[in-house]
Amino acid sequence: MKPNVLVAPAHYLFSDTIKSEIAWSYALVKYISSEVDSMDVLAGVGNMTHPLPRNVSLYPLFKSRSTSLLVEFLRHLFFYPLITLRAVRLMRKKKYQIIHHMLPLSYASFNPLVLIAKLVNPQAKVIMGPLQLPQIQKEEQDLNVVYLGKQEYSLMSKIIYKATMLLSEAVKPLAKKMFESADLVVCNSQTSLRHYSRLFPNAKFHVIYTGIDKSSHQVNRSKLDPKKIKILCAGVFSKRKGQIFLLQAMNKLVKKHPDVSLTMVGGGDQDSVYRDFVAKNNLSKRIKFTGQVPYSELLQAYQTHHIFCLPTLSDTSPYVILEAMSYGLPIVATDIGSIKEMVDKAGLIVSPGDSKALEISLSKLISQPKLRFVMSQAGAKRVNRYYTWDKITDQWVNAYHRLLT
């Protein structure tokens, strides 16, 4: 018998238009729904351009995202209590076999529903995940992207940043009870598992990767000019993403490899800083800024570059890493979050904030076409073997069935 599943919550923004870690809960609902009787999904805001499967019902708390930082902060502050109240109302009307906390949380979150679900529905099994490594929000603009989807600078943003950090610390003691009350806690990497199992040794952990849609594209890298190596970097232009260290590395690389070039895709508060650096070091002919581009153009960029570089200083499981690997791009990235585990033999990993290490690793790939080819093949195979939603869905469905038998 197929189970009824209550997803409480999915991502705050439940959308089929965003291609990033925010897409996880939409993808899981989309694929798992074919293997269950019904899925009722609670989220903060729904933003759908395509109809959901017939057996999926979406219950957003709000009609749309607010443009006010204060309003969004308050919405996030009361998100879990509101989700719990809505979930309890649904549970009184319908029997669910699975209660799934699907929002990729960290230990600085607390969902009271995990603790009280079995009081309302004693037969239900509670599952949490995918659980990613905690991401350190070092600056208020990084948190503003979470709340508003954009960067904002104001006195209010500073106050809200401080308040969010204090509240995160305050709920940590409650996290232990939440983790240990769940029937299963699913981590999205072995790296994440090691981290959380040390914090909560009595929780019941399991690992299922998060991924991307299965790729059908065929990229012929032999058509790219092997003498003019093109490096690609994509992401928000913020201090947290560490692009300044890549620019510093490029300043040295162009002297060794005069035909190398770098394409910077994205935008953000560091945009003028990066452009000034390029201008002052006469790198304008070697470094191109595209600004923010449509997703289709980013996919095209993967096909026309030789190497992908992500010099991030704070991240969890970056979506762009898997996308680049799926297109056969060898990776140079920093040892942050689960990146090293994701990349494996598909690239070179360096310490964060080390422009010299970036320079050496990029120079190695530029100089060794055979190494690029081997890593290109390894990356595409790794994604297709472990990180596509079809394979991931099977593992989630199996996890559901194991809990119910």
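Say whether the condition of being aliphatic (A, V, I, L, M), in the same structural domain as Lys241 (by TED's automatic domain parsing), at pLDDT 95 or above and within 22 Å of Lys256 (Cβ to Cβ) is met by at least one residue in the stretch 333-347.
Within the stretch 333-347, one or more residues are aliphatic (A, V, I, L, M), in the same structural domain as Lys241 (by TED's automatic domain parsing), at pLDDT 95 or above and within 22 Å of Lys256 (Cβ to Cβ).
Working only within the stretch 24-52, note down all residues that are surrounded by fewer than 23 Cβ atoms within 10 Å (Cβ to Cβ) and farther than 16 Å from Val397 by Cβ.
Asp40, Gly44, Val45, Gly46, Asn47, Met48, Thr49, His50, Pro51, Leu52
Filtering the stretch 301-325 down to residues that are surrounded by 24 or more Cβ atoms within 10 Å (Cβ to Cβ) and of a type in the set (Gly, Ala, Ser), which residue is modelled with the lowest pLDDT?
In this case the residue turns out to be Ser317.
Has the stretch 356-379 got any residue that is within 20 Å of Lys252 (Cβ to Cβ), touching a Gly at 6+ places or on another chain (Cβ under 9 Å) and surrounded by fewer than 21 Cβ atoms within 10 Å (Cβ to Cβ)?
no
Answer with yes or no whether Thr263 is among the hydroxyl-bearing types (Ser, Thr, Tyr), farther than 13 Å from Leu362 by Cβ and touching a His at 6+ places or on another chain (Cβ under 9 Å).
Working: among the hydroxyl-bearing types (Ser, Thr, Tyr): yes; farther than 13 Å from Leu362 by Cβ: yes; touching a His at 6+ places or on another chain (Cβ under 9 Å): yes.
Spelling it out, Thr263 is indeed among the hydroxyl-bearing types (Ser, Thr, Tyr), farther than 13 Å from Leu362 by Cβ and touching a His at 6+ places or on another chain (Cβ under 9 Å).
Scan the stretch 53-72 residue by residue and report those that are surrounded by 12 or more Cβ atoms within 10 Å (Cβ to Cβ), touching a Leu at 6+ places or on another chain (Cβ under 9 Å) and either assigned to a loop (DSSP other than H, G, I, E, B) or in contact (Cβ under 8 Å) with a residue 40 or more places away in the chain (or both).
Result: Leu58, Pro60, Arg65, Ser66, Ser68, Leu69, Glu72.
Return a yes/no flag: does the stretch 254-273 have any residue that is modelled with pLDDT of 95 or more, farther than 30 Å from Tyr327 by Cβ and either crowded, with 21+ Cβ neighbours inside 10 Å or of a type in the set (A, V, I, L, M, F, W, C) (or both).
no
Search the stretch 85-105 for residues that are at pLDDT 95 or above and pair each with any residue that is among the charged types (D, E, K, R) when their beta-carbon atoms are under 7 Å apart and the residues are at least 6 apart or on different chains.
Leu90/Asp40; Gln97/Lys125; Ile98/Lys125
Could you go through the stretch 234-242 and let me know if any residue there is under 23 Å from Arg382 (Cβ atoms), outside the structural domain of Asn188 (by TED's automatic domain parsing), modelled with pLDDT under 95 and surrounded by 19 or more Cβ atoms within 10 Å (Cβ to Cβ). Full working, then the answer.
Pass one, the stretch 234-242, residues under 23 Å from Arg382 (Cβ atoms): 234-235.
Within this subset, residues satisfying the condition of being outside the structural domain of Asn188 (by TED's automatic domain parsing) are 234-235.
Filter once more, so that each one left must be modelled with pLDDT under 95: 235.
Then keep just the ones that are surrounded by 19 or more Cβ atoms within 10 Å (Cβ to Cβ); that gives 235.
Checking the stretch 234-242: at least one residue is under 23 Å from Arg382 (Cβ atoms), outside the structural domain of Asn188 (by TED's automatic domain parsing), modelled with pLDDT under 95 and surrounded by 19 or more Cβ atoms within 10 Å (Cβ to Cβ).
The values are calculated or read from the model by the stated rules, or taken from the named source; none is laboratory data. Keep in mind the model is a prediction, meaning the values are calculated, not measured. Quick reminder, even Gly has a Cβ in these numbers, built from the backbone with ideal geometry, and neighbours come from all protein chains shown.
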